[in-house]
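Undergrad: Let me give you the structure first, and then I'll get to my questions.
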2 protein chains.
Amino acid sequence: MIRIHRGDLELYCCNVFLALGLSQKEAEDSSQILVSADARGIASHGIARLWRYANGIKGGIMQAGIRPLVLRQTPQSLVLDAQGAMGLSLSKETMGSVIAMADNHGIGFASVRNSNHFGIAGFYSEMAARKDMIGISMTNTAALGVPTFARDAMFGTNPIAVSVPVSGDRMFTLDMATTCVTRGKIEAYELEGKSIPSGWAVNSFGVGTNDASRLLEDMLFQRGGGLLPLGGEGEDFSGYKGYGLAMLVDILTAQLSGGVFGKHVMDSQQTSARVCHFFGAIRLDLFRDVCDFKKDMGRMLDDIATSRVAQGENKVWYAGQKEHESEEESNRLGVPLSDKIVEKIKEIGKDLHVAFPED
Amino acid sequence: MIRIHRGDLELYCCNVFLALGLSQKEAEDSSQILVSADARGIASHGIARLWRYANGIKGGIMQAGIRPLVLRQTPQSLVLDAQGAMGLSLSKETMGSVIAMADNHGIGFASVRNSNHFGIAGFYSEMAARKDMIGISMTNTAALGVPTFARDAMFGTNPIAVSVPVSGDRMFTLDMATTCVTRGKIEAYELEGKSIPSGWAVNSFGVGTNDASRLLEDMLFQRGGGLLPLGGEGEDFSGYKGYGLAMLVDILTAQLSGGVFGKHVMDSQQTSARVCHFFGAIRLDLFRDVCDFKKDMGRMLDDIATSRVAQGENKVWYAGQKEHESEEESNRLGVPLSDKIVEKIKEIGKDLHVAFPED
């Protein structure tokens, strides 16, 4: 593992995007969002994905410099067809519009269809929370999740993020996939040759499986089987709740925008998965004095911090706390990257004649 | 099990509430909401709770005829102090105000503090969905749920309900506790002398337990231990997601209204738990033509209905489908009540000289 100065890494990433043909603004925003994932310790959504964006742009699946089509607009709502734009920069811009709506009219919502991968959902919800709003961000993703009692993938990992500001410069950020785990976790187990725990996935018969390799193959060739929703298999641990939440994300992202939903969301040779997003901002002063609210939020997090820890454990965390602590460390010491990822992203830069920092 | 005509049961329940001193409107609304739970097969939230309301009203913990205090109001938001009113009728009235806000201005939200048990969350979200809106309803509840890696209860079962209309007179209603299971389920296992599955609860050391009796006792005397969030124990099955959702409910219900949150929510001799609610309505036509939306929602539910079923299972359900099928049956054949519950609610009526239907 090495650490690279955040600004240097953003600049490198930005130069790669520029060389790929993105506009200055698209390149800057996209780099900032990708690197923020690595800074928070969410490497799966960071610059490890740079090659995917590079391939997407080169292959014409992600469109540089394209403007979204406005499908409907009111003082508090916006519906966009992204027309295959870069999901990262488009989402930051859209969240900016949502925040402006909330600034002027208290509340703003946007639903976006036909976009591309937008990185970490929490990036956008936090933009609103920094303006003393409740921030909301969701996306649907390629279908990998199997409903309770079914055997085929009918929804994605469909993450939900909600952020709320807290006194003392803290923030509550819940940023969660609605499946129990994501495909990345299955891949990590396969790499190590480990069995996956019961409750994470079902095989092509819709029956619980521990076989990571077989599962990944079945998912790849769409033979059936896939990830279980939050709550696991069957009804005993309430897997239907995670399944319901995943559908809710599909409703707000794809149904509100007239986009692609459920099992129809998948990558192909011709197109990207055409994923859909949802963004929301609700001004806190619609309800309460913002200082009082943040102070009470602080008391709530203090309650958690001072609560008794389970036998054998060290700490009780609140949503987003680990990520924020990692980010602070990355800002001081540099953004951590595995040797493997560094090698991979150097490769991309070499092809495009972009110099890697410190090289 | 016997079945009683829905109208007769509502009338009986209404007469009981009137005899207890509720106003005509409070009594009618409260009966309607309680009986709707039984009609949907959710007996735990139905008239089995009548004695609790009766005791609450008699003991002065629930206030008949009291008007809520308006703490803040804008064209799209409302914050109320319920002053210990009946949670059922107050919530129906508040959702009515939220729908009126959405009718006039597209979106309406309300946060309510210092209330009482409001029955099934889905009743209120469905009020909005019937008006072609996205309906949202939440409540915090007495603290019973233990955060990931902790040992004390820091949040309630904190349900979230979201409803959306669908073509063909169908409706998507996700109505879910954010804990893995509720206390009622633990009590049912204890009654049958069965061990509870690992992943439902932790003991007073914060360690997984299968002992239902001991758990219920520990929860009652607040010795530590309690229900696990959706996703179960530790991090392997993402229990921190259910824990984050439970806190989110506390934020929207209690923090937005300045009410009682987290571990502080508990019943005592002097007061009720003073629970807090949140209601929302968002007009669908802010985003899309409503007919198109409902048609696409119909396609989504048809996809689910026609998807391949797991080996050994019979059907893939969508959120709310089971409850709606039960309700239809109850409307035709009468509302199902267990003999034990009938006996119990007859008792309440006898004391108040209210005749039970068909007696």
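Only the coordinates and a few stated rules stand behind these numbers; no lab work does. All of these numbers come straight from a predicted model, not from anything done at the bench. Heads up, the Cβs are rebuilt from the backbone with ideal geometry, glycines too, and the neighbour counts pull from every protein chain shown.
Undergrad: If you take the Cα atoms of the stretch B:56-198, find Rg, then find the Kirkwood Rh from the mean of 1/r over all pairs, what is Rg/Rh?
TA: Here Rg/Rh amounts to 1.03.
Undergrad: Same structure again: Summing +1 for each Lys or Arg and -1 for each Asp or Glu, what net charge is found among the other residues whose Cβ lies under 15 Å from the Cβ of residue B:69? Could you put the intermediate results ahead of the total?
TA: On the way: positive: A:288, B:67, B:72, B:113, B:274; negative: B:81, B:93.
Here the charged neighbours net out to +3.
Undergrad: Under a crude label model (7 Å from the Cα following the beta-carbon direction), how far is residue B:11 from residue A:11 in nanometres?
TA: Once both label points are built, they end up 8.2 nm from each other.
Undergrad: Can you give the percent of C-alpha pairs in the stretch A:82-142 whose distance is more than 14 Å?
TA: 52 percent
Undergrad: Using a ≥ b ≥ c from the Cα gyration tensor of chain A (square roots of the eigenvalues), is it rounded, prolate or oblate, where a/c under 1.5 gives rounded and otherwise the larger of a/b and b/c decides, a/b for prolate?
TA: It comes out rounded by the Cα gyration axes.
Undergrad: Continuing with the same structure: Which number do you get for Rg(Cα) / (2.2 N^0.38 Å) in the stretch B:319-359?
TA: For the stretch B:319-359, the normalised Cα radius of gyration is 1.51.
Undergrad: Using a Debye calculation, one point per C-alpha and no hydration shell, please list log10 I(q)/I(0) for the stretch A:8-113 at q = 0.10 Å⁻¹ in order.
TA: Summing over Cα pairs of the stretch A:8-113 leads to -0.31.
Undergrad: In the stretch B:185-269, which trypsin sites (Lys or Arg not before Pro) are in a loop and have at most 16 other Cβ atoms within 10 Å, using DSSP for the loop call?
TA: The qualifying sites are B:194, B:223.
Undergrad: Once the other residues with Cβ under 10 Å from the Cβ of residue A:14 are scored (Lys, Arg +1; Asp, Glu -1), what is the net sum? Numbers along the way, then the final one.
TA: Working: positive: none; negative: A:10, A:26, A:28, A:29.
Result for the local shell: -4.
Undergrad: Could you give me D for the stretch A:238-332, from Stokes-Einstein at 37 °C and 0.692 mPa s, where the hydrodynamic radius is the Kirkwood radius over C-alpha pairs? Units µm² s⁻¹, please.
TA: 183 µm²/s
Undergrad: Residues with amide H under 5 Å of residue A:131's amide H, sequence separation 5 or more or different chain, H placed in the peptide plane at 1.01 Å from N; which?
TA: Those qualifying (amide H under 5 Å, at least 5 residues apart or on another chain) number zero.
Undergrad: Compare A:153, A:27, A:54 in a GNM of chain A, Cα atoms joined below 10 Å, and give the one with the largest fluctuation.
TA: Its mean-square fluctuation being the largest, the pick is A:54.
Undergrad: Could you check the spin-label model distance between residue B:289 and residue B:1? Points 7 Å from the Cα along Cα→Cβ, value in nm.
TA: 4.4 nm
Undergrad: In nm to one decimal, list the spacings between the residue A:309 label point and its equivalents in the other copies, with label points set 7 Å along Cα to Cβ, shortest first.
TA: 4.9
Undergrad: List the trypsin sites (Lys or Arg not before Pro) in the stretch A:94-165 that DSSP assigns to loop (not H, G, I, E or B) and whose Cβ has at most 13 other Cβ atoms within 10 Å. Which are they? Could you put the intermediate results ahead of the total?
TA: Working: sites: A:113, A:130, A:131, A:151; in loops: A:130, A:131, A:151.
Within the stretch A:94-165, the qualifying trypsin sites (Lys or Arg not before Pro) (loop, at most 13 other Cβ atoms within 10 Å) are A:130.
Undergrad: Could you pull out which residues in the stretch A:1-16 have an amide N less than 14 Å from a spot 7 Å beyond the Cα of residue A:353, following the Cα-Cβ vector?
TA: A:16
Undergrad: A follow-up question, please. Within the stretch B:175-209, which residues have the backbone N less than 13 Å from the label spot 7 Å out from residue B:217 along Cα→beta-carbon, could you tell me?
TA: Flagged as within label range: B:204.
Undergrad: While we're looking at this one, here's another question. Project the alpha carbons of the stretch A:289-340 onto their principal axes and report the range along each, largest first, in whole Å.
TA: The Cα atoms of the stretch A:289-340 stretch 45, 36, 15 Å along their principal axes.
Undergrad: Test of understanding: given chain B, find the longest segment containing no GluC sites (Glu not before Pro) that are in a DSSP loop and have at most 12 other Cβ atoms within 10 Å.
TA: B:1-191
Undergrad: Further question on the same structure: Would you please classify the overall shape of the stretch A:35-97 from the alpha carbon gyration tensor, given that a ≥ b ≥ c denote the square roots of the eigenvalues, rounded means a/c under 1.5, and beyond that prolate means a/b larger than b/c while oblate covers the rest?
TA: In terms of gyration-tensor shape, oblate.
Undergrad: Return the sequence-ordered ³J(HN,Hα) values of the stretch A:302-319 in whole Hz as given by the Karplus equation 6.51 cos²θ - 1.76 cosθ + 1.60 applied to θ = phi - 60°, using x for Gly and Pro.
TA: 5, 4, 5, 4, 9, 6, 5, 8, 4, 3, x, 10, 10, 7, 9, 9, 10, 4
Undergrad: Apply the a/c threshold of 1.5 to the C-alpha gyration tensor of the stretch A:203-262 and tell me whether it is rounded, prolate or oblate.
TA: On the way: a/c = 3.40, a/b = 1.42, b/c = 2.39.
Oblate is the answer for the stretch A:203-262, as a/c is 1.5 or above yet b/c matches or exceeds a/b.
Undergrad: Also: Report, largest value first, the span of the C-alpha coordinates of the protein assembly as shown along each principal axis, in whole Å.
TA: Projected onto its principal axes, the Cα set of the protein assembly as shown covers 89, 52, 50 Å.
Undergrad: A further question on this structure: Viscosity 1.567 mPa s, temperature 4 °C: give me the Stokes-Einstein translational D for the stretch B:1-54 in µm²/s, with Rh taken as the Kirkwood radius over C-alpha pairs.
TA: Rounded to a whole number, D works out at 118 µm²/s.
Undergrad: On to the next question. If you take the alpha carbon radius of gyration of the stretch A:117-216 and divide it by 2.2 N^0.38 Å, what ratio comes out, to two decimals?
TA: 1.31
Undergrad: Okay, next question. Which FRET efficiency, nearest 0.05, do residue A:52 and residue B:236 yield, Cβ-Cβ r, R0 35 Å?
TA: 0.80
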